[in-house]
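K.L.:
Just dropping this structure here.
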Amino acid sequence: MEKTKFKILDGWESTHVKLLLIVFGAALIAKGGVLARGFAVDDYAFGQGFTKGELSVFLTQGRFLLGGIDSFIDSLGVNINDLYISLGVCALLLQAALVVSILRFVGVANARGAALVGAVMVVHPYLAEILTFRMVLPGYCVAAAFSIVSLEMILRGPLRWPNIVIALGATVGMLFIYQGFLNYFSVAIIFAYLFGAISWKRIGFDVADGQDLKRRAAALMLVCLASAFIFLVILSASKSLGWIELTGRANLIERGFLVERIGQIKDLLLQIYWLGEPVSPRWLKVFVAAMISIAVILTARIFWSQERDSKKFFDFLGIALSLLLLIPVTVGVIAPFKDWHPVPRVLPQVALIVGLLLLVGYSVVRGFLGKIPGSIFSGFLTLLLVSFVLISNQIFADQKRVNSWDRAEANRVIARLEQEEKFSRVEYVFVSSGSWHHSSRLNTIQGDMNISAFSPEYSRVPLLVEVSGYAFKKSSGDQNMIGEKFCEKSKPWPDRGSISIVENLAIVCLKK
């Protein structure tokens, strides 16, 4: 194969560059909404700059490098939320490059259907939510770049220590930004081993050398374990020295909650692969499950039709174990930690698992049953691609809609406050708990994706600041007690008595 002349893509075949362009184009079509201004609930807290409060949140989550990146950007006088065009393009390109790197890593970048399946993976709705949070874009881009470096270094030399050291450093850097990328590595390890353990030649499935794939899987596993150990040691040392206090996201689950967690994992797996959810209807889940079942059944037939030798039994055990490991890998890094918040943005590995299994399905159907059934299967993949594109677009459209509703309501609140005689004294604002949705519902509310900014405590006052330009501050301590007592007795917004001003404190009582 012809190699690309671009040094940055050294080792890539020209077909892989074309694959990258196709996957990047699909990402633009599905997730181009990131290039427009939009606010997720967390974004409002960053609307007026990156303060010590936001830095403290990152540090308590173990995201030390992310705090450094955002502090640097803020030191330039640049607001993190305002980089959505340049960093949005960068994030989509890196998201596409990461998908292609994983296809290369597991040895199937040259397989028939790789472009179509790569596009399906990058447009999966689970990969859309993270991009609705504009404040994560700087860290997301750096963490994705680190992840690509790790994969490429191991791919080019799984037995070379310089490559391993570079991959280790990049992976540690990624963990101190956004630990979710470790989920991608887990999928890459499992499928590199799976594709290396089965002979695909008789059906024409173009897979890299099996032994090399197994070496890649072993090297990446070593890097992941070593980097996780380094990450946890630094985190524990920082906590022991009193430098940081870890949140539930960074603390392991307590033993007494293990039974409950097992039940939560079971429910999550059903939701991901079978039950309908806002970002994927039930019929689409059944549709995907049917195609994956075909892939698994036909792959099993390939395996057992291979020539029998002494290693086959051990390969079978390895394959069976790998498939079983897809269960915990589906859940990912959130499984062992105290906080349980399985929203789509922490489950991006699902897109890779589904995509790689579908790529196998396409190849084995074409190899066993011929071109016509293969074409039908590719038609199913195209339908899935279109469905994911439409859902991803709806996610960004719904974000703009909820932003519009929130700002309209916020402006009405500000207008009511301005009518109060004591308004000129207002410095602090107390806003009681608001609803997570408006009476006109959205299609893609899931977890805290596309919910109203009046719901989380930390986004209410920043929302008022964003729409009005007034330098309001959030109430605290005794002010909160005053606000809560007033709202217990008053009627909720939009009643005339739902707003009051006490000294320099404005009180807004939303729906109870």
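The values are calculated or read from the model by the stated rules, or taken from the named source; none is laboratory data. Because the structure is a prediction, the values reported are computed rather than measured. As a convention, Cβ positions derive from the backbone with ideal geometry for all residues, glycine included, and neighbour counts pool all protein chains shown. The area values use the complete protein model at the heavy-atom level, side chains included, leaving out ligands, DNA and RNA. Shrake-Rupley method; radii C 1.70, N 1.55, O 1.52, S 1.80 Å.
K.L.:
Looking at (1) touching a residue at least 24 places away in the same chain (Cβ under 8 Å); (2) open to solvent by 10 Å² or more (accessible area, probe 1.4 Å); (3) over 20 Å from residue 225 (Cα atoms), which is the only condition residue 86 fails?
P.N.:
(1)
K.L.:
Further question: Given the options 113, 77, name the one that is more than 16 Å from residue 16 (Cα to Cα), at pLDDT below 95, open to solvent by 10 Å² or more (accessible area, probe 1.4 Å) and out of contact with any strand residue (DSSP E or B) (no Cβ under 8 Å at 6 or more places or on another chain).
P.N.:
77
K.L.:
Of all residues in segment 487-512, how many are of a type outside the set (D, E, K, R) and either open to solvent by 60 Å² or more (accessible area, probe 1.4 Å) or part of a loop (DSSP other than H, G, I, E, B) (or both)?
P.N.:
Result for segment 487-512: 7.
K.L.:
Residues that are more than 30 Å from residue 276 (Cβ to Cβ): list the helices (runs of 4 or more DSSP H) wholly contained in segment 86-176 that include at least 2 such residues.
P.N.:
So the answer is 86-105, 137-156, 161-175.
K.L.:
For segment 320-359, give me each residue that is open to solvent by less than 30 Å² (accessible area, probe 1.4 Å) and in a loop (DSSP other than H, G, I, E, B).
P.N.:
Correct list: 335, 343, 347, 348.
K.L.:
Out of the residues in segment 397-434 meeting the condition of being closer than 18 Å to residue 487 by Cβ and among the small types (Gly, Ala, Ser), tell me which one is most open to solvent (accessible area, probe 1.4 Å).
P.N.:
Once the filter is applied, the top-ranked residue is 433.
K.L.:
May I ask you to list the residues in segment 360-387 that are open to solvent by less than 30 Å² (accessible area, probe 1.4 Å), on the phi < 0 side of the Ramachandran plot and more than 27 Å from the chain's Cα centre (by Cα)?
P.N.:
The answer is 363, 364, 365, 374, 377.
K.L.:
Follow-up question, since we're still on this one. Quick one: in segment 131-155, which of the residues that are open to solvent by 10 Å² or more (accessible area, probe 1.4 Å) and within 11 Å of the chain's Cα centre (by Cα) is farthest from residue 70 (Cα to Cα)?
P.N.:
Per the criteria, the residue is 140.
K.L.:
What are the pairs with Cβ atoms under 6 angstrom where one residue, in segment 389-412, is hydroxyl-bearing (Ser, Thr, Tyr) and the other, located anywhere, is open to solvent by less than 30 Å² (accessible area, probe 1.4 Å)? Sequence gap at least six, or different chains.
P.N.:
Hits for this filter: 392/30; 392/31; 392/123; 392/125; 392/128.
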